[in-house]
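Working notes, beginning with the structure itself.
Read-outs throughout are calculated quantities, based only on the coordinates presented, and are distinct from any laboratory measurement. If you're wondering where the values come from, they're calculated on a predicted model, not measured in any experiment. Note: ideal-geometry Cβ built from the backbone for every residue, glycine included; neighbour counts use all protein chains shown.
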Amino acid sequence: MINCGSHGQIREWLIMLNIINISAVPTYEDNYIWVIHQNGKAIAVDPGDAAPLLDWLARNELQLAGILITHHHWDHITGLAALTQANLSQQAQLPVYGPEQIAHINRPLRGGETLNLLGENFSVMATPGHTLDHLSYYGAGILLCGDTLFSSGCGRLFEGTAEQMFNSLQTLAQLPAETLVCCTHEYTQSNLRFALQIEPDNPALQARATQVAQLRERGEPSLPSTLAIELASNPFLRCDQATVRAKVQQHAGIDFQAESSVEVFTELRKWKDHFR
């Protein structure tokens with residue numbers, strides 16, 4: 001069941017097998033706070049702003065039962081102080097899961113743990129690259145990947161290395177193809193413009209660009225994507241493909257000789273950094 005709203009409203013997805021709802025609460029210019037919820041309880045992911053989340057929870061008569069944080073950037077954590085303060089009337093401490101050095105985290109994680117959230121098990125994966133502390137969460141057919149994997153793109157390398165990010169993306173690429181990819185930013189259209197420079201003749205990429213253009217024209221989110229879509233159209237997951245390698249070689253020039261997919265990824269990420 002998919003309930004699509006106009007711009008600024010909430011789009012909801014029901015994961016039919018597990019009866020888990022997932023909703024995207026827009027905030028700032030292009031962020032989403034993802035919320036998984038069922039039976040009156042909710043888990044929020046990367047609440048960069050408390051106000052829109054608290055308003056949405058109240059309107060939907062949901063109690064905040066926990067928070068997941070993927071990494072320490074301000075637009076993912078700024079709402080934590082207000083949300084933990086708002087929870088003071090509850091008898092139990094609000095569980096806040098994430099990298100240990102972030103203020104208000106009371107359930108520190110490093111990757112490799114398993115969390116039981118709303119009756120479903122979620123695996124915690126260390127996915128460094130965008131930042132060194134970045135975590136991703138997978139469970140109930142949902143991947144909450146913060147700023148590691150974007151639809152048709154991937155995060156910038158602010159702290160980690162290209163090899164770290166490549167390995168993190170390869171880890172996520174091993175998840176089931178039907179996995180819903182719930183990243184934090186509405187970057188899909190700009191990412192698609194770059195992807196079409198790399199593989200202009202890729203039919204899956206062309207179809208994705210058409211689909212996203214229609215969604216955004218109606219004021220609807222382009223997310224969630226699926227891992228199957230990303231494997232077929234996201235150049236950062238396709239560095240082993242001859243078409244991607246050839247285009248990167250052409251862009252980088254005669255002095256660039258890619259001997260591995262990591263080297264192709266490294267050059268591709270540098271290219272994207274300067275793409276306008």
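When the helix-only estimate is applied to the chain (DSSP H runs of n ≥ 4, each -39,500 (n - 2.57), divided by the residue count), what is the mean residue ellipticity at 222 nm, nearest 500 deg cm²/dmol? Don't skip to the answer; put the middle values down first.
Numbers: 9 runs with 90 residues, N = 276.
When only DSSP H runs of four or more count, the value is -9500 deg cm²/dmol.
For Phe275 and Asn106, a Förster radius of 41 Å and the Cβ-Cβ distance give a FRET efficiency of 0.55, rounded to the nearest 0.05.
Assigning unit charges at the beta carbon (Lys, Arg +1; Asp, Glu -1) and nothing else, what dipole magnitude in debye, to the nearest 20, does the chain show about its Cα centre?
Details: 17 positive and 28 negative charges, 58 e Å.
Dipole magnitude for the chain comes out near 280 debye.
Alpha carbon centre of the range 168-217 versus the range 29-66: separation in Å? Their Cα centres are 25 Å away from one another.
Exposure proxy check: His76, His37, His134 ranked by fewest other beta carbons within 10 Å?
Numbers: His76 24, His37 21, His134 29.
Least crowded to most crowded, the residues run His37, His76, His134.
Listed by Cβ neighbour count within 10 Å, with the fewest neighbours leading, Trp74, Trp56 appear as Trp74, Trp56. Using only Cα atoms, locate the centre of the range 218-276 and the centre of the range 111-155, then give the distance between them in Å, rounded to an integer. After rounding, the separation between the Cα centres reads 21 Å. Label zone of His251 (point 7 Å out along Cα→Cβ, amide N under 19 Å): in the range 137-159 this covers 148-158. Taking 30 Å as R0, compute the FRET efficiency from the Cβ-Cβ separation of Leu132 and Glu178 and round it to 0.05. After rounding to 0.05, the efficiency reads 0.50.
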